[in-house]
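The values are calculated or read from the model by the stated rules, or taken from the named source; none is laboratory data. This structure is a prediction, so every number in the text was calculated from the model and none was measured. Here Cβ is always computed from backbone atoms with ideal geometry, including for glycine, and neighbour counts include all displayed protein chains.
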Amino acid sequence: MSSQPPSVSPKDDASSPQAGQAPPRHPAIDRIDDALRGLRYGSVLAIVQDGVVVQIERTEKTRLTQGEQR
């Protein structure tokens, strides 16, 4: 039995982020982040077709306080 670690080809090494660097973010993540910003009550829904985000829906709820319910 060989106890050698698996080899990494230069191609695999080039696609992985270097130490200290974050991988690039998908543009849909930025759009979802924008939809979440400032949302207090509600939901954000990502619609995916064939593995691709095609639509982002934001539904915001407004909560009424006791005095506003009358």
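Output the residue which, of all residues in region 1-43 that are among the basic types (Lys, Arg) and assigned to a helix (DSSP H, G or I), is modelled with the highest pLDDT.
To start, the set of residues in region 1-43 that are among the basic types (Lys, Arg) comprises 11, 25, 31, 37, 40.
If we keep only those that are assigned to a helix (DSSP H, G or I) too, we end up with 11, 31.
Values: Lys11: 49, Arg31: 95.
Applying the filter and picking the extreme gives Arg31.
Find all pairs meeting these conditions: Cβ atoms under 8 angstrom apart; at least six residues apart or on different chains; first residue within region 59-70 and on the phi < 0 side of the Ramachandran plot; second residue part of a loop (DSSP other than H, G, I, E, B) and among the aliphatic types (A, V, I, L, M).
Partner pairs satisfying both residue conditions: Glu60/Leu39.
If you scan region 30-54, which residues turn out to be hydrophobic (A, V, I, L, M, F, W, C) and in contact with a Lys or Arg (Cβ under 6 Å, 6 or more places away or on another chain)?
Passing the criteria: Ala35, Val44.
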